[in-house]
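Undergrad: Quick one: the structure is below, questions incoming.
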Amino acid sequence: MKAQYHLFRRGSRTYFNSTLFFPPAVRREVFILYGFVRKADNFVDSVPQQSEAFGAYCAAYRAALTGKPSGDPVIDDFVQLIEQRGFELEWVEAFLHAMEMDLSKRVYRTLEESLEYMYGSAEVIGLCMAQIMHLGAETHHSARMLGRAMQYINFIRDIEEDNGFGRTYLPLDETSLPSLRLSDVSRDRAEFSRFIAAQLDRYQHWQQQAAAGFSLMPFRYRVPVKTAADMYHWTACVIRDDPMVVYRRKVKPGRVRIVSQAVRNAFLDREVVPTYA
């Protein structure tokens with residue numbers, strides 16, 4: 001569990017600190033899930049990309065499914081979790097496909113292309129989380145929308161970082177800008193602000209669908225999930241107020257903000273389900 005803990009802690013401040021509010025047994029399984037996906041993501045996001053290592057990771061995972069332990073606890077614990085929680089193997093393959101896309105695809109021109117990527121990179125993670133929390137199939141749409149909404153905020157927040165990788169995940173066909181590089185955006189900031197506002201409206205629509213499922217969660221699970229969603233909503237609000245902030249810094253809540261929001265959700269918001277209106 002030490003490997004998964006460190007992978008998760010280094011990879012995501014919001015998710016990691018929110019997850020600490022799950023009961024220990026659930027928290028352990030969330031660490032296993034995010035350890036597996038974070039390690040795969042690290043291969044494709046490294047500079048230079050580690051395509052061969054990623055391929056070996058996928059092969060080791062698939063071999064472990066047939067009963068041949070990989071010797072890597074990140075993989076072997078995850079395969080055991082698949083069996084225990086009934087993850088669909090198609091979900092994992094969709095995730096690995098999205099990571100493989102990061103090895104070659106650089107620009108997403110249409111929303112349909114972005115949605116294909118987000119299904120594997122985020123929506124199926126929401127489905128796995130629903131299984132970990134023992135939630136029924138009636139929560140699956142909301143789980144997918146929560147993953148999608150959070151991923152979309154990451155796309156917006158990380159525009160400048162992704163420029164460094166030569167990637168653009170937001171649908172470029174929806175703007176007259178030739179790219180989202182600062183040199184192009186600086187020539188027409190009004191168009192950039194319009195484009196980002198439209199993307200934030202889209203996020204909000206998906207987040208509202210996600211929030212509809214919060215009431216179906218036991219309270220002990222709703223606190224960490226709602227806290228993570230609240231922090232992404234905070235990030236969206238900061239960017240809406242000043243879209244150009246994404247070129248100056250990475251907008252992320254600090255640990256104190258995350259923990260204080262979790263405490264607020266735990267003690268003050270027992271009956272409150274956010275609308276993100």
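The values are calculated or read from the model by the stated rules, or taken from the named source; none is laboratory data. For clarity, every value in this text was computed on a predicted model and none was experimentally measured. So basically every Cβ, Gly included, is an ideal-geometry build from the backbone, and we count neighbours across all protein chains shown.
Undergrad: Kindly evaluate V251 against the criterion of being β-branched (V, I, T), part of a helix (DSSP H, G or I), within 27 Å of D162 (Cα to Cα) and modelled with pLDDT of 95 or more.
TA: So V251 fails the test.
Undergrad: Which of the residues spanning the range 197-211 are among the aliphatic types (A, V, I, L, M) and within 19 Å of the chain's Cα centre (by Cα)?
TA: L200, A210, A211 - these are the residues of the range 197-211 that are among the aliphatic types (A, V, I, L, M) and within 19 Å of the chain's Cα centre (by Cα).
Undergrad: Spot the failing condition for I82; the list is (1) of a type in the set (A, V, I, L, M, F, W, C); (2) under 30 Å from T168 (Cβ atoms); (3) at pLDDT 95 or above, and only one is missed.
TA: Result: I82 fails condition (2) only.
Undergrad: Determine which single condition L20 fails, assuming it passes every other condition in (1) over 29 Å from T227 (Cβ atoms); (2) at pLDDT below 95; (3) among the hydrophobic types (A, V, I, L, M, F, W, C).
TA: Among (1) over 29 Å from T227 (Cβ atoms); (2) at pLDDT below 95; (3) among the hydrophobic types (A, V, I, L, M, F, W, C), the lone unmet condition for L20 is (1).
Undergrad: Is there a residue being among the hydroxyl-bearing types (S, T, Y) and at pLDDT 95 or above anywhere in the range 151-166?
TA: yes
Undergrad: Name the pairs whose Cβ atoms lie under 7 Å apart, with the first residue in the range 151-173 and in contact (Cβ under 8 Å) with a residue 60 or more places away in the chain and surrounded by fewer than 17 Cβ atoms within 10 Å (Cβ to Cβ), the second assigned to a helix (DSSP H, G or I) and among the acidic types (D, E), and 6 or more positions between them or separate chains?
TA: Hits for this filter: zero, empty list.
Undergrad: Out of the residues in the range 193-233 that are among the hydroxyl-bearing types (S, T, Y) and within 23 Å of F21 (Cβ to Cβ), which is surrounded by the most Cβ atoms within 10 Å (Cβ to Cβ)?
TA: Looking at residues that are among the hydroxyl-bearing types (S, T, Y) and within 23 Å of F21 (Cβ to Cβ), I get T227.
Undergrad: Filter the range 8-37 for residues that are farther than 15 Å from R255 by Cβ and among the aliphatic types (A, V, I, L, M); which is farthest from the chain's Cα centre (by Cα)?
TA: A25
Undergrad: For the range 174-185, which residues satisfy the criterion of being over 18 Å from L200 (Cβ atoms) and not aliphatic (A, V, I, L, M)?
TA: Scanning the range 174-185 gives S176, P178, S179, R181, S183, D184.
Undergrad: What do you reckon, is D230 closer than 23 Å to L135 by Cα, charged (D, E, K, R) and either in contact with a Leu (Cβ under 7 Å, 6 or more places away or on another chain) or at pLDDT 95 or above (or both)?
TA: Considered against the rule, which asks whether it is closer than 23 Å to L135 by Cα, charged (D, E, K, R) and either in contact with a Leu (Cβ under 7 Å, 6 or more places away or on another chain) or at pLDDT 95 or above (or both), D230 comes out as yes.
Undergrad: Which fully enclosed helices (runs of 4 or more DSSP H) of the range 1-102 have 2 or more residues being surrounded by fewer than 18 Cβ atoms within 10 Å (Cβ to Cβ)?
TA: Helices (runs of 4 or more DSSP H) meeting the threshold: 2-11, 24-45, 51-65, 73-85, 89-101.
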